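Q: Input: one structure, supplied below.
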Amino acid sequence: MYVDGANLNALVGTAQPGKFGADVSHLNLHKTFCIPHGGGGPGVGPVAVRSHLIPFLPSDPLQPSTGIGPVSAAHFGSASICAIPWVYISMMSADGLLQATADAILSANYIARRLHSSYPVLYTGANNTIAHECILNVGDVIKGSGLSIDDIAKRLMDYGLHAPTMSFPVANTLMVEPTESESLTEVDRFCDAMISIRREIEMVLSGSVTAEESVLHFAPHTVEDIAGDWNRTYSRASALYPLAHLRSRGYYPPVSRIDAAYGDRNLVCTCAPIEQYAISLENATVGS
């Protein structure tokens, strides 16, 4: 049995993963101990195993006595990252770490409670509570509308927000994981955006506008979009300022919708021609 340590943000101070009975436990620094969640989490953190799995652990090139050979170019992974958790843990103390866990769980449950009437919340407990992850079932909401989970993720950029984890661990969901450091103001800003987007989805579901002509389909909206000729069925204001507080925003997405799937599957080089990088040996100087 494997224990995923990416959920450690809900366990610190409240549980002991070593007593879960797992054969393997990966305690990755991922949204825990002050390490950012973005980018999938840095590749550092212990992988603990029970004694019967020791022969299968990756080996050291200098002592190749175990399993499959090294799996990393560095013995301790991205070890420089560990300085941040060390300082964080030292400053927080045991009581502070327990409070951080409680705050992360509270924030996730607050989001679930605010958004449950707009989006179904998956994997709730007996009292409709969750741990530190709030999984919003967007798929059920947009079913039959012609919209996609990508449309909602891209529209969040117009609200000044980066989309949460998309379609993991369940397809067509958003997994929201607020950390202990998120303020109530920031959490409310996200909830307000999701509720506003639900109203925009309803306009498509009701037939007021088609999915292809909706503000969601064209999101995100750049300054170039707004400054150019406008032939959309919705106003510039609804595209850029769907909520009142956004009128004072200082950031706009620099790039509109791209074909992400194509970019994932194909190398698309946007560099200048290689000839522009050529250096004349006659004009080159030593050290240039």
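The values are calculated or read from the model by the stated rules, or taken from the named source; none is laboratory data. Quantities reported herein were computed from a predicted structural model and do not represent experimental measurements. Here the Cβ positions follow ideal geometry from the backbone for every residue, glycine too, while neighbour counts run over all protein chains shown.
Q: How many of the residues in the range 75-85 are surrounded by fewer than 11 Cβ atoms within 10 Å (Cβ to Cβ) and more than 24 Å from the chain's Cα centre (by Cα)?
A: Counting residues in the range 75-85 that are surrounded by fewer than 11 Cβ atoms within 10 Å (Cβ to Cβ) and more than 24 Å from the chain's Cα centre (by Cα) gives 1.
Q: Moving on. Does any residue in the range 200-222 that is without any contact (Cβ under 8 Å) to a residue 60 or more places away in the chain and assigned by TED's automatic domain parsing to the domain that holds residue 150 come within less than 7 Å, Cβ to Cβ, of a residue that is in a helix (DSSP H, G or I) and not small (Gly, Ala, Ser) six or more places away or on a different chain, and which pairs are these?
A: What qualifies is 200/215; 200/216; 209/203.
Q: Taking residue 25 and the conditions (1) part of a helix (DSSP H, G or I); (2) modelled with pLDDT of 85 or more, which numbered condition does it fall short on, given that it satisfies the others?
A: Only one criterion is unmet by residue 25, namely (1).
Q: Hey, another quick one. For residue 101, all conditions in the list (1) free of Cβ contacts under 8 Å to residues at least 60 places away in the same chain; (2) in a helix (DSSP H, G or I) hold save one; what is the number of the exception?
A: Evaluating residue 101 over (1) free of Cβ contacts under 8 Å to residues at least 60 places away in the same chain; (2) in a helix (DSSP H, G or I) leaves (1) as the failure.
Q: Another question about this same structure. For residue 141, indicate whether it is under 16 Å from the mean Cα position of the chain (by Cα) and in the same structural domain as residue 215 (by TED's automatic domain parsing).
A: On the way: under 16 Å from the mean Cα position of the chain (by Cα): no; in the same structural domain as residue 215 (by TED's automatic domain parsing): yes.
Here the answer is no, as residue 141 does not meet what is asked.
Q: Give the range 195-223 a look and list any residue that's of a type in the set (D, E, K, R) and out of contact with any Ser or Thr (no Cβ under 8 Å at 6 or more places or on another chain), or say none.
A: Of the range 195-223, the ones of a type in the set (D, E, K, R) are 198-200, 202, 212-213.
Matches in the range 195-223: 199, 202, 212.
Q: Being out of contact with any helix residue (DSSP H, G or I) (no Cβ under 6 Å at 6 or more places or on another chain) and assigned to a loop (DSSP other than H, G, I, E, B) is the filter here; which residues of the range 231-242 pass it?
A: 231, 232, 235 - these are the residues of the range 231-242 that are out of contact with any helix residue (DSSP H, G or I) (no Cβ under 6 Å at 6 or more places or on another chain) and assigned to a loop (DSSP other than H, G, I, E, B).
Q: At pLDDT 95 or above, assigned by TED's automatic domain parsing to the domain that holds residue 255 and small (Gly, Ala, Ser): is that true of residue 153 in this structure? It would help to see each step written out before you state the result.
A: Working: at pLDDT 95 or above: yes; assigned by TED's automatic domain parsing to the domain that holds residue 255: yes; small (Gly, Ala, Ser): yes.
In short, yes.
Q: Under 7 Å between Cβ atoms, which residue pairs at least 6 apart in sequence (or on different chains) link something in the range 71-90 that is in contact (Cβ under 8 Å) with a residue 24 or more places away in the chain with a partner that is β-branched (Val, Ile, Thr) and surrounded by 15 or more Cβ atoms within 10 Å (Cβ to Cβ)?
A: Note: pairs meeting the criteria are 77/44; 78/44; 79/44; 81/35; 81/44; 82/44; 84/35; 85/35.
Q: For the structure I just gave you, tell me whether residue 272 is on the phi < 0 side of the Ramachandran plot, among the aliphatic types (A, V, I, L, M) and in a helix (DSSP H, G or I). Lay out the reasoning, then the answer.
A: Values: on the phi < 0 side of the Ramachandran plot: yes; among the aliphatic types (A, V, I, L, M): yes; in a helix (DSSP H, G or I): no.
It is false that residue 272 is on the phi < 0 side of the Ramachandran plot, among the aliphatic types (A, V, I, L, M) and in a helix (DSSP H, G or I).
Q: Hey, among the residues in the range 255-267 that are of a type outside the set (Lys, Arg) and surrounded by 10 or more Cβ atoms within 10 Å (Cβ to Cβ), which one's modelled with the highest pLDDT?
A: Step one: of the range 255-267, the residues of a type outside the set (Lys, Arg) are 255-256, 258-264, 266-267.
Restricting the remaining residues to those that are surrounded by 10 or more Cβ atoms within 10 Å (Cβ to Cβ) gives 256, 258-260, 263.
Details: 256: 91, 258: 86, 259: 85, 260: 82, 263: 86.
So the residue we want is 256.
Q: So which residues in the range 243-254 are at pLDDT below 95, not in a helix (DSSP H, G or I) and not charged (D, E, K, R)?
A: Passing the criteria: 250, 251, 252, 253, 254.
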